[in-house]
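The structure appears below as structure tokens.
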Amino acid sequence: NGLTVNQSLPIQIIVGSFTEESNAERKIAQLKTAGVNAENIGRYDGLHLVSIGSFNSMSDVKANSETIKSAAGTYWVFKK
């Protein structure tokens, strides 16, 4: 799908947040089975965040919104 996760970029596309790391890893496995690259980008406010893409700016997110929607369905943007 062309999306990549780069934890050094300030904007992450989040498709799940989990208190248990094992649940985040299960979500990542499901996404990878569906052909979507995903990573646990760490713990924030006690939740493990699963990202499917990273961007430098919100304009980049908007330019890729169709790709993001087709890969994720529902998502939210996390800005570090």
Next item on the list: Select from the stretch 35-76 the residues that are in contact (Cβ under 8 Å) with a residue 24 or more places away in the chain, surrounded by fewer than 19 Cβ atoms within 10 Å (Cβ to Cβ) and touching a helix residue (DSSP H, G or I) at 6+ places or on another chain (Cβ under 6 Å) and list them in ascending order.
Entry: V36
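Given the criterion outside any strand (DSSP E or B), open to solvent by 50 Å² or more (accessible area, probe 1.4 Å) and among the hydrophobic types (A, V, I, L, M, F, W, C), identify the matching residue among A24, A29.
Values: A24 fails: open to solvent by 50 Å² or more (accessible area, probe 1.4 Å).
The unique qualifying residue is A29.
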Next item on the list: Being over 13 Å from W76 (Cα atoms) and part of a helix (DSSP H, G or I) is the filter here, so list the residues in the stretch 32-63 that pass it.
Entry: K32, T33, S59, D60, A63
Item checked: Subset of the stretch 9-39 [β-branched (V, I, T) and within 14 Å of the chain's Cα centre (by Cα)] -> I11, I13, I14, V15, I28, V36
Next item on the list: Go through the stretch 40-64 residue by residue and tally those that are over 13 Å from the mean Cα position of the chain (by Cα) and under 16 Å from T4 (Cβ atoms).
Entry: 5
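The values are calculated or read from the model by the stated rules, or taken from the named source; none is laboratory data. Since this is a predicted model, take the numbers as computed values, not measurements. Reconstructed Cβ throughout: ideal geometry from the backbone, glycine too, with neighbour counts over all protein chains shown. When the accessible area is computed, the model is the full protein with side chains, heavy atoms only, and any ligands, DNA or RNA have been set aside. Shrake-Rupley method; radii C 1.70, N 1.55, O 1.52, S 1.80 Å.
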